[in-house]
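Participant: Below is one structure. I have some questions about it.
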Amino acid sequence: METLSKEFHFSAGSRKGRVDRSLSAQPLQLSPLPREMLVEIMKNVEWDDVLILRKVSQPSVERTRGLVLTFEEILRDHISAPILPVKTFTTLDTRRAGGLNRLYGPLAVLPGNHFFLYGSNEGTVHYGDPLHLASTLSPLLPSPFEGPLPVGTCISLDILATQGIPIDPDIPVVDATWESRLFPPTFRLAVCLTQYEAAFIEVYDITAEVQDGDVRYSSTRLKSHALTSRKETVKTSKPCSLLGNHLAYVARTNAVRIIDWTSFDPQDPMARICPPNFVSYLLLLPNRRILMMRGTVIICDWEKGRRLTTANSPDAWSEPEWESSDFFVTPHPFTSPFYIRRSIRLVLAGGDNVLLGLTIPVDVEKRLAPSGNGVATVRLLEAPIPYGSYRRWFGYRKGAYLDQDDDNLVCYRWPDDDLPPRSHQSARLPGHFWDFAWLF
């Protein structure tokens with residue numbers, strides 16, 4: 001095994017004239033060599049020679065990473081190598097190697113937490129297994145745009161509507177089996193897309209099927225609305241929320257819009273509801289309520305807000321039904337609600353190093369109870385939780401977060417759960433990550 005540099009090794013064959021073995025006394029520094037010489041070196045590498053990357057870390061932070069990718073490019077462009085030379089690499093390299101470098105995301109996770117959704121600069125949406133992205137990536141949604149300008153995308157999945165709960169007075173309750181609640185075969189998805197000053201809002205039915213032992217997804221478009229007003233263009237850096245026949249999104253004016261996507265008329269100002277501005281997270285709730293985070297968490301009856309809007313001005317809005325006394329930090333974009341014991345629950349990070357559980361009853365009787373509308377917060381765990389939204393992710397009973405010194409895995413329980421006590425463990429996740437965006 002001949003040492004080429006501190007970071008890489010490859011095996012030298014015995015064929016005469018391939019490599020001057022007298023040079024083996026000193027390590028060969030390849031980084032200063034001209035490109036043409038590197039090409040000649042790689043032309044003389046046998047197919048059974050192996051280039052092993054000893055250390056791969058984040059893009060742009062490892063000084064030797066560029067050299068590795070240069071070798072990869074040489075093999076791809078100049079030599080018909082059947083394999084890539086890098087043995088261990090990140091999903092970003094997988095996209096590059098498979099011609100997927102124009103993807104971004106992930107944007108959302110599909111039910112089952114196995115497949116993730118990715119956007120493209122052209123506006124198409126794909127799904128794939130992040131562990132095998134190049135081989136599993138498949139198109140799911142087409143792009144409504146034409147032209148070279150990049151497209152921004154935000155996505156919301158309506159999973160609550162598959163749980164057999166009353167979500168709206170005008171929508172009959174779906175009779176859902178236990179299996180379909182855990183693994184919904186069909187669910188709805190909303191995608192908001194922007195390209196410069198143009199925008200589209202589209203809603204799809206997504207169907208999951210098993211073909212030859214593999215899960216496959218297909219889409220059927222239900223509605224597509226073009227937004228021609230720049231003020232109404234969706235701000236795709238903010239979340240959107242789909243529930244039943246309604247979609248909430250953040251416009252470029254930072255105001256939240258709530259529309260009935262089944263009959264939405266972009267030219268009708270009364271088709272839009274205007275809750276308060278400047279929210280970092282939003283979630284449509286059953287019975288025409290909306291949860292919004294702007295430091296504290298507030299829950300509003302947006303149907304009452306619509307009546308105020310009709311009677312007064314587009315900026316009118318009702319007082320919130322409930323507002324938290326705790327300060328919350330922006331959750332991870334994948335944060336989604338759970339439906340447990342006739343209540344909707346969220347796990348959110350508080351601003352004082354505490355993990356809080358939010359319980360919102362679905363029953364109208366509890367919601368209208370005089371003691372705070374039945375909404376409650378519980379302290380799930382005390383831990384030094386970082387502020388960056390991509391540096392932490394919390395599920396219903398377990399989560400993880402990254403701090404400056406360690407990677408942390410945590411378990412916690414709700415007061416009405418019969419589970420082992422909470423735990424907090426420092427660990428080292430494989431590789432070095434700045435945030436959880438690089439884990440998917």
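Derivation of every value follows stated rules applied to the coordinates shown; laboratory data play no part. No experiment lies behind these values; they were computed from the predicted model shown. Positions of Cβ are generated from backbone atoms using ideal geometry, with glycine treated the same way; all protein chains shown enter the neighbour counts.
Participant: Nearest 0.05, what FRET efficiency do Val354 and Ser180 give at R0 = 51 Å with Cβ-Cβ as r?
Facilitator: Result of the calculation: an efficiency of 0.90.
Participant: Would you work out the relative contact order for region 208-261, in percent, from Cα pairs under 8 angstrom that are 6 or more residues apart?
Facilitator: It rounds to 23 percent for region 208-261.
Participant: Going by how many other beta carbons lie within 10 Å of each one, how would you line up Ile360, Ile290, fewest first? Don't skip to the end; give the middle numbers.
Facilitator: Values: Ile360 22, Ile290 25.
Lowest count first: Ile360, Ile290.
Participant: How big is the shadow of the Cα convex hull of region 123-239, averaged over all directions, in nm²? All intermediate terms of the calculation are to be shown ahead of the outcome.
Facilitator: On the way: hull surface 38.1 nm².
Result: a mean projected hull area of 9.5 nm².
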